[in-house]
Amino acid sequence: MTRPLPQEVQDEAAKHFDVTVRENTAPMNSDELRAGLRDYDGVIPTLGDLYTPQVFDDVPDPRCRILANFGVGYNHIDVTAATAAGLVVTNTPGAVTEATADTAMTLILMSCRRAGEGERLVRAGEWEGWHPTQLLGLHLGGRTVGIVGMGRIGQAIARRCHSGFGMKVAYHSRSPKTLDFPAERKESLSDLARAVDVMVVAVPGGDETHHLVDAKVLAAMQPHAHLVNIARGNVVDEAALIAALEQRRIGGAGLDVYEFEPKVPQALKALENVVLLPHIGTAALEVRTEMGLMSVENLRAFFAGEAVPNPV
Ligand code: NAP
């Protein structure tokens, strides 16, 4: 385990394996990445453990046969290189869906209703009392949410917006989706950006989605519209987003993830019209436990010679 995971996960793993828990919460360094492949039969890596093709090249005959990633997003692992090196890669889909959708709703509400600004006002002792035109935000009822990437998490967000907040739903995905709520599919991302009041990014990270939300897409958004990103930081061109927020070309933004995480640019911190969360999409004990148990089950199945439940 490349990070301490919840005790229940460690206990479950210990029933099946001789377990080493790396007692460090930071991503593995390059020596540790290579030692993991060389010295262990299986590894449970997670976000930030950067398995580049070079890492696999440097360990030509790895003892490790499976990377049972803790998390649904696996853009930190070069799966092609891992497969070429003879490793199986698994992830934890489903376990993260509802909690991450809740975090998206937190950001939507905080950004649209200016909750971060309000909280800062109270804490600074500068609140002078209620008045009818103070901190007026965007009311969600009747507005349109645009989902970028209508997958598991995208659908959970859309369902909340539709059923809980009376919002209309539009989306952009490469393929049309069969959905159990009304939603309009937009052919291009710019079409989606033009049409919506809140746009939520829920695509996987990786080369294909790098800067998918760029200056052109941001320019298509309406001046009152908000952007929320719970996916991966580099799906959004962060410099272009900062420019749009500074020039008030969009209404605001809510971010759980950052392009050069954990670095958050000073320019973002200085802005009132952005909500900044420290990548807490799945941060609840029961969710992290379920994710960990899925990773352990993938390992158990693999070494028992069964099909792994969650190959990527
Ligand atoms: P998923 O079910 O695979 O959904 C992703 C969706 O994105 C798919 O429906 C896919 O549909 C669409 N998509 C992929 N590439 C696209 C592109 N280039 N343009 C438009 N749409 C595209 O994955 P998920 O379980 O919802 O998770 C999504 C991501 O959320 C994860 O990969 C992870 O990085 C992130 N995440 C973040 C947190 C957090 O803590 N903030 C927590 C969990 C997950 P098409 O194939 O039809 O395009």
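The values are calculated or read from the model by the stated rules, or taken from the named source; none is laboratory data. Quantities reported herein were computed from a predicted structural model and do not represent experimental measurements. Note that each Cβ is placed from the backbone with ideal geometry, even for glycine, and that neighbours are counted across all protein chains shown. Protein only, heavy atoms only, side chains kept; ligands, DNA and RNA dropped before computing areas. Shrake-Rupley method; radii C 1.70, N 1.55, O 1.52, S 1.80 Å.
Counting only heavy atoms of protein chains, what accessible area per residue, in Å², does the range 10-67 have with a probe of 1.4 Å?
57
Measuring with a 1.4 Å probe in the full set of protein chains, what accessible area per residue, in whole Å², belongs to the range 118-162?
Each residue of the range 118-162 exposes 59 Å² on average to a 1.4 Å probe.
How many percent of the accessible area of the range 175-294 is carbon or sulfur, using a 1.4 Å probe?
Here it works out to 55 percent.
With a Cα-only, solvent-free Debye model of the range 130-278, what are the log10 I(q)/I(0) values at q = 0.15 Å⁻¹?
Debye intensities relative to I(0), on a log10 scale: -0.73.
Using DSSP to define loop residues, name the GluC sites (Glu not before Pro) in the range 97-130 whose beta-carbon has at most 13 other beta-carbon atoms within 10 Å.
Filter output for the range 97-130: Glu126, Glu128.
Please calculate how many Å² of accessible area the range 201-256 carries per residue, with a 1.4 Å probe and no DNA, RNA or ligand atoms counted.
Accessible area per residue: 37 Å².
Give me the percent of the accessible area of the range 72-122 that comes from carbon and sulfur atoms, probe 1.4 Å, all protein chains in place.
That share works out to 56 percent.
Using only the alpha carbons, work out the radius of gyration and Dmax of the range 158-205 in angstrom.
Just the Cα atoms of the range 158-205 yield Rg and Dmax of 10.7, 29 Å.
Name the trypsin sites (Lys or Arg not before Pro) in the range 209-294 that are in a loop by DSSP and that have at most 12 other C-beta atoms within 10 Å, would you?
Details: sites: Lys216, Arg232, Arg248, Arg249, Lys263, Lys269, Arg288; in loops: Arg232, Arg248, Arg249.
Of the trypsin sites (Lys or Arg not before Pro), the ones in loops of the range 209-294 whose Cβ has at most 12 other Cβ atoms within 10 Å are Arg248.
Please list, in order along the range 144-153, the HN-Hα scalar couplings obtained from phi with the Karplus expression 6.51 cos²θ - 1.76 cosθ + 1.60 (θ = phi - 60°), rounded to whole Hz, x for Gly and Pro.
10, 9, x, 9, 9, x, 8, x, 4, 6
Evaluate the charge dipole of the chain about its Cα centre and quote only its size in Debye, nearest 20, assuming +1 on the Cβ of each Lys and Arg and -1 on the Cβ of each Asp and Glu.
Values: 29 positive and 39 negative charges, 213 e Å.
For this selection, approximately 1020 debye.
Check each of the trypsin sites (Lys or Arg not before Pro) in the range 38-77 and keep only those in coil by DSSP with at most 14 other C-beta atoms within 10 angstrom; list them in order.
Passing both the DSSP loop test and the Cβ count: Arg63.
For a quick check, take a GNM of the chain with Cα springs below 10 Å and name the residue from Pro60, Pro176, Pro132 with the largest mean-square fluctuation.
Pro132
Just need log10 I(q)/I(0) for the range 1-114 at q = 0.12, 0.24 Å⁻¹, Debye formula, equal scatterers on the alpha-carbon atoms, no solvent, rounded to two decimals.
Taken in order of the listed q values, log10 I(q)/I(0) reads -0.48, -1.40.
With r defined as the distance between the Cβ atoms of Lys263 and His211 and R0 fixed at 22 Å, what FRET efficiency is calculated, to the nearest 0.05?
0.80
Among Ala284, Ala124, Ala183, whose mean-square fluctuation peaks in a Gaussian network model of the chain (Cα, cutoff 10 Å)?
Most flexible of the set in this elastic network: Ala124.
Starting from the Cα of Lys177, draw a straight line to each of the lysines and keep only those under 22 Å, dropping any in the same chain fewer than 8 residues away.
The reachable lysines, counting only those whose Cα sits under 22 Å from Lys177, are Lys168, Lys186.
In the chain, if every C-alpha pair distance is counted and binned at 10 Å from zero, what percent goes to each bin?
6, 25, 30, 22, 13, 3, 0
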